[in-house]
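Peer 1: Sending over a structure as structure tokens; questions will come in a sec.
The values are calculated or read from the model by the stated rules, or taken from the named source; none is laboratory data. Owing to the predicted nature of the structure, the values given are computational and were not obtained by experimental measurement. Positions of Cβ are generated from backbone atoms using ideal geometry, with glycine treated the same way; all protein chains shown enter the neighbour counts.
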Amino acid sequence: MTDQLSAALTMLHQQLKELDGISKQTAEDLNAVAGKERIVKWKAKTVPLIERYVGRKEAQQFAGKQPGPSFTYDLFEEFNDEIEFYRTVLLALVKDVKSKALPAGGA
């Protein structure tokens, strides 16, 4: 695995860890509105990191991702759905980066 791919994976795992931290902080605060604001700030910080470590195309795709509408009228459920949405997107990106790290024959 190249140093660049290793650095990309490290950054993505760090962003997943930060996302989990936002989830935990929001559960402790019992303030879903503040949690959603933290997600907005986290995403704004994450986009340039993805561009730097993974690529411009991937960063633009991530920036354009938005969770679908929610009709639950439960702010915490909507918040948790948003956390899971971004976790899934990042995990897919991790998988994509790892696939680039495999030799041509696969392993």
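Peer 1: Report, by residue number, each residue of the stretch 49-77 that is out of contact with any helix residue (DSSP H, G or I) (no Cβ under 7 Å at 6 or more places or on another chain) and either of a type in the set (Ser, Thr, Tyr) or part of a helix (DSSP H, G or I) (or both).
Peer 2: Within the stretch 49-77, 52, 56, 57, 60, 61, 64, 73, 77 meet the criteria.
Peer 1: How many of the residues in the stretch 61-86 are within 13 Å of the chain's Cα centre (by Cα) and either closer than 22 Å to residue 9 by Cβ or touching a residue at least 40 places away in the same chain (Cβ under 8 Å) (or both)?
Peer 2: Within the stretch 61-86, residues that are within 13 Å of the chain's Cα centre (by Cα) and either closer than 22 Å to residue 9 by Cβ or touching a residue at least 40 places away in the same chain (Cβ under 8 Å) (or both) number 9.
Peer 1: With the requirement that a residue be more than 14 Å from residue 94 (Cβ to Cβ), in contact (Cβ under 8 Å) with a residue 12 or more places away in the chain and surrounded by 14 or more Cβ atoms within 10 Å (Cβ to Cβ), what does the stretch 28-60 give you?
Peer 2: 32, 35, 36, 38, 39, 42, 43, 47, 59
Peer 1: Do we have residue 25 as within 20 Å of residue 98 (Cβ to Cβ), within 18 Å of the chain's Cα centre (by Cα) and of a type outside the set (Gly, Ala, Ser) here?
Peer 2: Answer is no for this residue.
Peer 1: Please identify the pairs in which a residue from the stretch 13-25 that is touching a residue at least 40 places away in the same chain (Cβ under 8 Å) has its Cβ atom under 7 Å from the Cβ atom of a residue that is basic (Lys, Arg) and surrounded by 12 or more Cβ atoms within 10 Å (Cβ to Cβ), counting only partners at least 6 apart or on another chain.
Peer 2: Close Cβ pairs (under 7 Å, with a partner that is basic (Lys, Arg) and surrounded by 12 or more Cβ atoms within 10 Å (Cβ to Cβ)) amount to 16/87; 19/87; 22/38.
Peer 1: Another question, then. What's the number of the condition residue 80 fails, among (1) loosely packed, with under 12 Cβ neighbours inside 10 Å; (2) polar (S, T, N, Q); (3) within 29 Å of residue 97 (Cα to Cα)?
Peer 2: (1)
Peer 1: Further, regarding this structure: The conditions are (1) under 19 Å from residue 2 (Cβ atoms); (2) touching an Asp or Glu at 6+ places or on another chain (Cβ under 9 Å), and residue 49 fails exactly one of them. Which is it?
Peer 2: The failed condition is (2).
Peer 1: Sticking with this structure for a sec: Can you confirm whether residue 19 is aliphatic (A, V, I, L, M), surrounded by 15 or more Cβ atoms within 10 Å (Cβ to Cβ) and either under 14 Å from residue 80 (Cβ atoms) or under 15 Å from the mean Cα position of the chain (by Cα) (or both)?
Peer 2: Answer is yes for this residue.
Peer 1: Among the residues of the stretch 100-107, is any modelled with pLDDT under 95 and either assigned to a helix (DSSP H, G or I) or surrounded by 14 or more Cβ atoms within 10 Å (Cβ to Cβ) (or both)?
Peer 2: yes
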